1. Mind running the shape call on region B:38-188? Use the C-alpha gyration tensor, a ≥ b ≥ c as the square roots of the eigenvalues: rounded below 1.5 for a/c, prolate if a/b tops b/c, oblate otherwise.
2. Would you mind computing Rg(Cα) / (2.2 N^0.38 Å) for region A:325-420, counting N as its residues?
3. Setting aside same-chain residues fewer than 8 positions from residue A:300, which aspartates and glutamates have a Cα under 19 Å from its Cα?
4. Computed FRET efficiency, Cβ-Cβ of residue B:62 and residue A:303, R0 30 Å: what is it to the nearest 0.05?
5. In nm, to one decimal, how far is the residue B:40 label point from the residue A:47 one, both placed 7 Å along Cα→Cβ?
6. Which entries of A:228/A:355; A:180/A:256; A:121/A:431 have Cα-Cα distances beyond 32 Å here?
7. Positive end of the charge dipole of the protein assembly as shown (Lys, Arg +1 and Asp, Glu -1 on Cβ, about the Cα centre): tell me which of A:402, B:12, A:338 has its Cα farthest that way.
8. Can you give me the Cα centroid spacing of region A:217-254 and region A:98-170 in angstrom?
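A short reminder: the numbers here are calculations on the coordinates, not readings from a lab. Source: prediction; values computed, not measured. Glycine gets a Cβ as well: all are built from the backbone with ideal geometry, and neighbour counts include every protein chain shown.
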Amino acid sequence: MSQTLFDQIWNQHVIAGEPGQPQLLYVDLHLVHEVTSPQPFDGLRTSNRRLRRPDLTFATMDHNVPTKNLESVQDEMSRLQMATLEKNCQEFGVDLASVGDEDQGIVHVVGPELGLTQPGKVIVCGDSHTATHGAFGAIAFGIGTSEVEHVMATQTIWQVKPKTMGIKVTGHLPANTYAKDLIMALIAKYGVSFGTGYAIEFFGETIENLSMPERMTICNMCIEAGSKTGMVQPDQTTFDYLAGRKRAPKDMEKAKEVWSQLKTDDEVAFDRLIEFDVSDLKPMVTWGTNPGMAMAVDEKTPAISNSDDQAAYDYIGLHPGMAAEEIPLDYIFIGSCTNSRYEDLVEAAKIMKGKHLAANITAWIVPGSRAIRNRAMKDGLAQIFLDAGCQWREPGCSACLAMNEDKIPAGKHAASTSNRNFVGRQGKGSKTHLASPAMVAAAGIAGHFVDITKIHDTAEAAMGV
Amino acid sequence: MQSFVKEVGRAAVIDANSVNTDLILPKQFLKNILKTGFGKYLFWDWRYLADGQKNPDFVLNQKDHQGVSILITGDNFGSGSSREHAVWALTDFGFRAVIAGSFSDIFYMNATKNGLLPIVLPKADRDILMTVAADEAITIDLVNQDVAMDDRHFHFDINPQWKEKFLKGEDDIDLTMKYADQIQAYEDQRQALV
């Protein structure tokens, strides 16, 4: 019987339990951060348990860390949470990339960057955007705090196997549209819970042509479609990305041989199959309070069709029939585990080069890791943002969830490259509009959203291209 | 974990879809390093007005809804962030069960670790349950997988292993420790790439 990539990796990790019932899976990599780990470490201590495999556990700090100035005063609780992680990692022998360390950054950015994220692994983390790591052909999903403690104590996790969904993506991504637009358009079309109960695999020519950062952006937002795991079959692009990274296998030939076996035999093996053509994809923008409330940049905000729409309009302060250009903006945020990678910054910098922010805009550029930050400072990317009037920050989750000081003030609108436009997500009363890094950068320059397919057309026409 | 066999309690209705974990417990309350005391922050942005006063229109602030233990709501409850703090806030407030059209996968698992019974019922059933009066009791009988209001009964499904866990109030780690030999055997044959 044909099986999917997900089935294959799942079956390789089952220790106990029957299909259809909870099964005990082995965990190859447990990523830990400061917010969802204090209680589990404490649980181990009070039960007198050890952390079974420190060598398969890696910790960093991201949710709470300051991005303005590493020394800047944190509130007491944030400081305590960070200090607690330091202490716990020391006590239980876990590798920690702490604030200021060269390997520190958003956990879903540094895992891949260090080469810890690899094909065929089962990867968990107490964070819902763990789906990001599935871009490498791993089963990666977010878990709750009780599950974190369970993994620490046993290196295993109980899960009922989800159904599988194949999303076959075809067509050439039009100019000025990105992986971010692809996943946003999918969620706009199918809703915020179409993936619930499913593990998603993206495949097809469009996906094969995407870089690893682009694949990560897509898998990252599977949770916004309701699925806790998204994945892509590993291929040469995956192997090339991993080769030579600090924690990747040294024997890449052997690794490639093993990883090349990982694949879906036949698309009939999926429980559900969706086909999605991107040939007519447009840059996307959210107008409401969940990621499904999105429109193409050349569309108008939709009519009110239910009480959820009404509540969203009431909160965000827009009304049906508005153009994206008419959404008032005060802030732009380029960052988060969705879009803070070097390649994302490059797209934003292309738009901002030689230009300056509009007078009404405050801009925060927050690289996903120290490695990205250092690279961008070395090669001039950071200077482009600074010259444009942006604030160039230290790495962390920052205004994606605004747990640190980076809060969008109440009533203010932000164009954001992050993943959630929930009520109060970027600060109490903040109003978020999700989009790609290029769209957000262009909005910063213009002072409002613009259709970047048009400015590029004009620029190219002027240059006689 | 606290066991769940039967609950007879009054209910609160939040008739909205996709009530996410940011709404259930906003991030500013995730900084606590303990598991307790989150109930006072539950549904913070709905419960409190900008000036810090309680919002009199919100169901959990209404006098006749004090002491409720069952929440009835829409589809996709608990979506978004994986924060188990959202479940801790619900249980600390006094909720024992949530009846929804569907739950996010991560929230569902978190609920099963904390004795908060997640019950999936179709809209037609929930529409009837949502007419519950403030002083009216709903009975949830896990053994028979039945929700009852007056003489109306609604059957719900639950995985037998999760059901067993709820009934016994079992701790997962203790359960898993029974598989120590299998875990060791798996590790022994596991080939890590180097």
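1. Cα axes put region B:38-188 in the oblate bin.
2. 1.01
3. Within the straight-line limit of under 19 Å, residue A:300 reaches these aspartates and glutamates: A:181, A:280, A:308, A:309, A:314, A:325, A:326, A:451.
4. 0.40
5. 2.9 nm
6. A:228/A:355; A:121/A:431
7. Final value for the positive-end residue is A:402.
8. Between the Cα centre of region A:217-254 and that of region A:98-170, the gap is 10 Å.
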